[in-house]
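Only one structure is covered here, and it is reproduced in the block below.
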Amino acid sequence: MSRKPSFANLRARILPEPVAAPPSETKPAAVPSRAGRKQIAGFFTPEMSLSMHMLARRQDRSLQALMAEAFNDVLRKYGESPVGE
């Protein structure tokens, strides 16, 4: 008795082989607003994310501005100088 073909085999027959993009010799242009800045990221609960986004919306401010304010508050709390946005 023959076996059924696997889904991987079916996909190979249906989808064309991916064509590799030629390597780019130039770097993508950096976004000017990010020049001289470093990303700080974290993982939070969906409830925290929703609350922060809703607060930003109500305050007509960006989430980044609220995070900068919070980070400056933490720096002050621990005796460090706030650094702004």
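The values are calculated or read from the model by the stated rules, or taken from the named source; none is laboratory data. Predicted model only: the values in this text are computed from it and were never measured. Counting neighbours? That spans all protein chains shown, and the Cβs are built from the backbone with ideal geometry, glycine included. Side chains included, ligands, DNA and RNA excluded: accessible areas come from the protein's heavy atoms. Shrake-Rupley method; radii C 1.70, N 1.55, O 1.52, S 1.80 Å.
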Inside region 36-85, can you point out the residues that are among the β-branched types (V, I, T) and within 16 Å of the chain's Cα centre (by Cα)? I40, T45
Could you tell me which numbered condition A68 fails, if it satisfies all but one of (1) assigned to a helix (DSSP H, G or I); (2) open to solvent by 60 Å² or more (accessible area, probe 1.4 Å)? (2)
I need every pair where a residue in region 36-64 that is within 23 Å of G84 (Cβ to Cβ) and at pLDDT 95 or above has its Cβ under 9 Å from the Cβ of a residue that is basic (K, R) and outside any helix (DSSP H, G or I), sequence separation at least 6 or different chains. L55/R61
